[in-house]
Amino acid sequence: MTEHFKMETPATERRLDDMAQGLVGAPLDRPEGPLKVTGTATYANEWQIEGMAHGVMVRAPGNSGRVILANRDDVAKLPGVLAVIQDDRLLRNPAQGTANEAPVQSPHHAAYLGQLIAVVVAETFEQARHAAQSLQVTLENAQMVQVDPATAAVEPQDGQALDQGDLDAAMRDAPHSVDLVYTTPSHSSAPMEPHASIASWQGGDLTLRGSYQMLKYNRNELADSLGIHPDRVRIISPYVGGGFGSKLGLAPEAVAAAIAAQELGRPVSVALQRPQVFEATMRRSETRQRVRLAADAEGRLTGLGHDARVSNLPGESFAEPVLQASHFLYAGANRRMSLELARLHRMCAGSVRAPGEAVGVTVLENAMDELAHEIGIDPVALRLRNIPEKDPESGKDYSSRRFREALESGAEAFGWADRPGVKERREGEWLIGYGMASAARVNVLMESQARVTLLPDGTARVETDMTDIGTGTYAILGQIAGDMLGLPRDRVEVVLGDTTLPPAAGSGGSWGASSSGTSVYLACEAIRRQLAQRLEVDEHDLTLKDGRATYANQVKSLSDILQGDEIAKLGHVKPGDTSTDVRQATFGAYFAEVAVHAASGETRIRRMHGSFAAGRILNAKTARSQCLGGMTFGIGIALTEELAFDPRDGHVANHNLAEYHIPVNADVPQLTVELLEERDDWANPMQAKGIGELGICGAAAAITNAIHNATGVRVRDYPATLDKVIAGM
Amino acid sequence: MQTNLTINGTPQRLELDPRTTLLDALRHHLGLTGSKKGCDHGQCGACTVMVNGRRINACLTLACMHDGDEVTTIEGIGQPDNLSPLQQAFVSEDGFQCGYCTPGQICSATAMLEEVRNGWPSHVTDDLDGGADLTTEEISERMSGNLCRCSAYPNIVEAIRKAAGENA
Ligand code: FES
Ligand code: FES
């Protein structure tokens, strides 16, 4: 019944190219669209459950010391209050993505300001909110702790270190070189839906309606946090209001809701308040990055160095993998890289959209721009000149890599040839500049399972605990199944987001579509074989379209073949040798035109274009939307986004959407996106790669490079706010 | 505290804690969860509804302040099998991803188009008395109170332009 498959060798058959239904790749509307635009898709905190109480979490007012709830008894007596809970199992911070076990649990000791240390539950939300605000939290034996990444003790991340050739000599001998330091601040995922969970118990069984990206891991994390068996936990998450990494791992509200519901014997909902999302979920670490580039007279790289410092809380192993794409994007025989992790008492650092590349490629692409300027060659030409033949460190081949085409085609589409010289173009009070950057992101396949059932009436159902966080999962899984089984899109139902369904890879790391999609593909292939068996033909001689099978000059409807039976198959994919035999990544290029105000230093983006290659595109509409989203995150990184930490106690000073500036509609022009035709046989049997994060990996550099082209100012301390631009003008 | 509201044409008599926001009255007391809570601080627009025809942030006002008012929420604009032209355009232009900001965007856009029809200028309108054309710039400016972290902005603009064109 189960179709197991391990990706050991390239999948050269490319069967999706030959399927008659023609759904995969088409820009189809999202099937759940009508629900979302009418407000009838049910998100976590929207289930109407009989007898539900409301919980509001309370934070630690400092970054160390023993937590005391000073007026706990008084608060417990406030109208409507049902419980004030400070259970030992409350989470200090969320689990990291794919952790699969509980994170640190310590509600009695503060590790950072904003840590959620208790939950107050009441009959109504208004009562709970008032009671939570009334709770006086004090810290006993608080001490001075480290909150500054610049002076904190660091731990070298040896697994990331590289010393190949002699970079010092390369730098010394090169006719052209740059040696630059950049800093990027912490970022917040800031999904529009705050983290929320509704917990309800039936005896010893827990049902959690939550907002999560990776249910099979979240279920184990929740069970481990509570000290119960995972079999007793069900998580339901059919619609997720954005994640961007912040909902990869189990977050504090889920455990709080579960404990409260158990204690009270009734369902409890706990939604984080917006400031709590900012303070107590995940941040992207700030980075300090030194980049060294050495080049010969023609701009061929002879050396590449990238050293970075990031930070995290004590006890957290995650270190923003800043160097990830620096290892393989460009040539250069002499290479040195290092990453160090500073330990400090700020909120937890974890995955925010494209951990590593989002800021690592951005800074590398700024340094490449500076090198191009120093040599006096076109920035696109510099990139083209340094596309390595083989992986410059391992010597392995790349899988598919249409990097050159993305650079050339993007430049053409944008009109790069018209690029002005530095500070050359002015329109009234506005200085106009063009900038570009490369895009690169590692590609990953993860274990994933899905069940596909072909029903007697010739419709199909796809079931997996995969999530759709806006990524388009509902759309693409239906397209894959429709193509493989020869069914129009509306005859395939896709059911997601429930841990009672086969466990999927989850949404994260850009691996969701290709991993869960492959499991659906495999299940459908097994169904095709069974159909072929019934018809006594070879499966490859079977053409399935519009609910009919064509074979050996005959046509038969699926329901006639099925004769009242259903065929259910489980597809199960695991990564294999192709993950390590070659270098797998996605590539692209960004181009931006900015206008910088001559008097204020304000930057407006006039145009921005991205050309991307990510293997087979499964749905041109949703894939494009993913790229729009990534590029817009890049606009935020370039110009406005910065979590500001108070230097005295490390708390997030701008913990709300009015002060943490994500791009708004007026900040984003009508972005254009080109998706290059590509097949990656090494990736999976669909030849598809991840696209959810590629659009952010370097995007900000296209903008800051354009600011330089417009003004001559290099802002090396992100974001490029008005004060920094004007200071250089 | 008793409050009488007309929600999507239906009179509702509510007995509410005076601290209840209009948004929580809809979500917690009437089961109308189409209006979203993105920040509860008037900073994101996810809770946008129309009160007496004008768009407001429902999280930033108390339900009891609206005694006698007519409230239109996303549920009153269209249903899955009966989409408004704007809702239909959001689907076909992919004017959303996760969908969480979307009801707010659509309520906001519905009211915004009415503001344009009534000749209200915006920050980017050249002629304060002459009305405004629905340019990309005008739409973006007028929709900037509705945040979308998925960043469907270009598609939101296209959807609004398309729906407005069909209506015109
Ligand atoms: S929820 Fe009302 S503006 Fe954000
Ligand atoms: S669609 Fe996700 S926030 Fe707008």
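For region A:108-144, taking the residues that are among the polar types (S, T, N, Q) and open to solvent by 10 Å² or more (accessible area, probe 1.4 Å), the one that is farthest from A:Gly650 (Cα to Cα) is identified as A:Thr124. Considering the conditions (1) open to solvent by 10 Å² or more (accessible area, probe 1.4 Å); (2) within 35 Å of the chain's Cα centre (by Cα), A:Gly601 is excluded by exactly one of them, (1).
Note on region B:99-122: residues that are within 15 Å of ligand 2 (Cβ to nearest atom) and part of a helix (DSSP H, G or I) total 8. Annotation: of all residues in region B:33-52 being open to solvent by 40 Å² or more (accessible area, probe 1.4 Å) and out of contact with any helix residue (DSSP H, G or I) (no Cβ under 7 Å at 6 or more places or on another chain), the one that is nearest to ligand 1 (Cβ to nearest atom) is B:Gln43. For the residues B:Ala132, B:Ala163, the requirement of being over 21 Å from A:Cys627 (Cβ atoms), in a helix (DSSP H, G or I) and more than 12 Å from ligand 2 (Cβ to nearest atom) singles out B:Ala163. The residues of region B:1-20 that are open to solvent by less than 10 Å² (accessible area, probe 1.4 Å) and not aliphatic (A, V, I, L, M), listed by number, are B:Thr3, B:Thr20.
Within region B:55-74, the set of residues being surrounded by 16 or more Cβ atoms within 10 Å (Cβ to Cβ), among the hydrophobic types (A, V, I, L, M, F, W, C) and either within 16 Å of ligand 2 (Cβ to nearest atom) or outside any strand (DSSP E or B) (or both) comprises B:Ala58, B:Cys59, B:Ala63, B:Cys64, B:Ile74. Residue count for region A:458-480 satisfying the condition of being surrounded by fewer than 24 Cβ atoms within 10 Å (Cβ to Cβ), in contact with a helix residue (DSSP H, G or I) (Cβ under 6 Å, 6 or more places away or on another chain) and at negative phi: 1.
Each row is one residue, and each column tells you yes or no for (1) within 16 Å of ligand 2 (Cβ to nearest atom); (2) surrounded by 19 or more Cβ atoms within 10 Å (Cβ to Cβ).
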position: A:Thr12; (1), (2): no, no
position: A:Arg15; (1), (2): no, no
position: A:Lys36; (1), (2): yes, yes
position: A:Gln48; (1), (2): no, no
position: A:Pro61; (1), (2): no, yes
position: A:Asn71; (1), (2): no, no
position: A:Val81; (1), (2): no, yes
position: A:Leu90; (1), (2): no, yes
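Would you mind stating whether A:Val104 is open to solvent by less than 30 Å² (accessible area, probe 1.4 Å), at negative phi and either touching a residue at least 40 places away in the same chain (Cβ under 8 Å) or not charged (D, E, K, R) (or both)? In short, no.
Here's the yes/no breakdown for (1) within 24 Å of B:Ser144 (Cα to Cα); (2) within 16 Å of ligand 2 (Cβ to nearest atom):
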position: B:Leu32; (1), (2): no, no
position: B:Gly38; (1), (2): yes, yes
position: B:Asn52; (1), (2): yes, no
position: B:Gly76; (1), (2): yes, no
position: B:Gln97; (1), (2): yes, yes
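The residue that is least open to solvent (accessible area, probe 1.4 Å), counting only those in region B:79-95 that are on the phi < 0 side of the Ramachandran plot, within 7 Å of chain A (Cβ to nearest Cβ) and in a loop (DSSP other than H, G, I, E, B), is B:Leu83. Only one of the listed residues (A:Thr632, A:Thr704, A:Thr672) is more than 30 Å from A:His572 (Cα to Cα), hydroxyl-bearing (Ser, Thr, Tyr) and surrounded by fewer than 24 Cβ atoms within 10 Å (Cβ to Cβ). That residue is A:Thr672. Within region A:28-54, the set of residues being part of a helix (DSSP H, G or I) and more than 7 Å from every other protein chain (Cβ to nearest Cβ) comprises A:Ala44, A:Asn45. More than 15 Å from ligand 1 (Cβ to nearest atom), more than 12 Å from chain A (Cβ to nearest Cβ) and more than 14 Å from the chain's Cα centre (by Cα) - does that describe any residue in region B:98-117? The answer is yes, given that some residue of region B:98-117 is more than 15 Å from ligand 1 (Cβ to nearest atom), more than 12 Å from chain A (Cβ to nearest Cβ) and more than 14 Å from the chain's Cα centre (by Cα).
The values are calculated or read from the model by the stated rules, or taken from the named source; none is laboratory data. Computed from a prediction, not measured in an experiment: that's the story for all the values here. Backbone-built Cβ (ideal geometry, glycine too); neighbour counts: all protein chains shown. The area values use the complete protein model at the heavy-atom level, side chains included, leaving out ligands, DNA and RNA. Shrake-Rupley method; radii C 1.70, N 1.55, O 1.52, S 1.80 Å.
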